[in-house]
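Accompanying notes for the structure given below.
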Amino acid sequence: MRKILSRLAATVFCFCLLAGAAQAASPAHQALERVITNVLNLIKDPAYANPATRAAQRAKIEKEARAIFDFGEFSQRTVGARWRTFTPTQQRDFSEAFANLLIPTYVNKIDGYNGEQVLYLGEVSSSDGSKVEIRTEVALKDGRKIPVFYRMLNKGGKWWVYDVLVENLSLVKNYRTQFQDILTTGTPDQLIERINAKAREVRAQKG
């Protein structure tokens, strides 16, 4: 009986070790969680609710987003094959304009965060391990729980977000059709101006 109990204890111990290893956060998860924690702390800071200091808080949030969001990749995937027809200057200007639109759009979606811990639901990796989708859920003040999934890829050993799904709606896909319609009759410069105008409108929604 003693031997059986000893073997059982050893089995349970090994199982616990394996379970702990399976739950260990991946490098992509760690990088993302660090930024999400910083962003949500900035949102729940009283300075964010104060009109006099909100701009400064938004600037800090933007800095955090730029540390992990690959806006060049966002832009290329959204424009699609027509990206190759943009000049290097247009690609740079488009990426910057798109960043100015995506950051406030993303922040406005989670603006009602109520301070509860973000729940990490798990992640799904590509077969070669170069991409991963990390699934989270954010609790809002009104009781709703918003699923937010982050699609990330590894570039040079650093993990970057290249798309965000908010309530199962991909930011990339959401804008792709709109942008392609504009490019059908317009120029890249006209599209860039439209994005800048939309970014100003989105930013104005939250002051």
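Values computed for the structure shown
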quantity: Tally, over segment 169-199, of residues that are closer than 29 Å to ALA49 by Cβ and without any contact (Cβ under 8 Å) to a residue 24 or more places away in the chain; calculated: 3
quantity: Segment 59-79: number of residues that are part of a loop (DSSP other than H, G, I, E, B), of a type outside the set (Val, Ile, Thr) and crowded, with 19+ Cβ neighbours inside 10 Å; calculated: 1
quantity: Matching residues, segment 39-49, being surrounded by fewer than 17 Cβ atoms within 10 Å (Cβ to Cβ) and assigned to a helix (DSSP H, G or I); calculated: ASN41, LYS44, PRO46, ALA47, ALA49
quantity: Residue selected from segment 172-185 under the condition open to solvent by less than 100 Å² (accessible area, probe 1.4 Å) and within 21 Å of the chain's Cα centre (by Cα), by the criterion farthest from GLN90 (Cα to Cα); calculated: ASN174
quantity: Which numbered condition VAL124 misses (of (1) within 28 Å of ALA55 (Cβ to Cβ); (2) within 16 Å of the chain's Cα centre (by Cα)); calculated: (1)
quantity: So LEU169, is it at negative phi, open to solvent by 80 Å² or more (accessible area, probe 1.4 Å) and among the hydrophobic types (A, V, I, L, M, F, W, C); calculated: yes
quantity: Test set (1) without any contact (Cβ under 8 Å) to a residue 12 or more places away in the chain; (2) in a helix (DSSP H, G or I) - ALA52 fails condition number; calculated: (2)
quantity: Boolean, GLN205 is closer than 21 Å to ILE61 by Cβ, surrounded by fewer than 12 Cβ atoms within 10 Å (Cβ to Cβ) and in contact (Cβ under 8 Å) with a residue 40 or more places away in the chain; calculated: yes
quantity: Total residues in segment 151-166, condition of a type outside the set (Phe, Trp, Tyr), touching an Asp or Glu at 6+ places or on another chain (Cβ under 9 Å) and open to solvent by less than 80 Å² (accessible area, probe 1.4 Å); calculated: 6
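So that you can scan it fast, the table gives a plain yes or no per residue for (1) over 16 Å from the mean Cα position of the chain (by Cα); (2) crowded, with 16+ Cβ neighbours inside 10 Å; (3) modelled with pLDDT of 95 or more:
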position	(1), (2), (3)
PRO88	yes, no, yes
ASP111	no, no, no
GLU137	no, no, no
LEU140	yes, no, no
ARG144	yes, no, no
PHE149	no, yes, yes
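The values are calculated or read from the model by the stated rules, or taken from the named source; none is laboratory data. For clarity, every value in this text was computed on a predicted model and none was experimentally measured. No Cβ is skipped: glycine too gets one built from the backbone with ideal geometry, and neighbour counts run over all protein chains shown. SASA here: full protein model, heavy atoms, side chains in, ligands and nucleic acids out. Shrake-Rupley method; radii C 1.70, N 1.55, O 1.52, S 1.80 Å.
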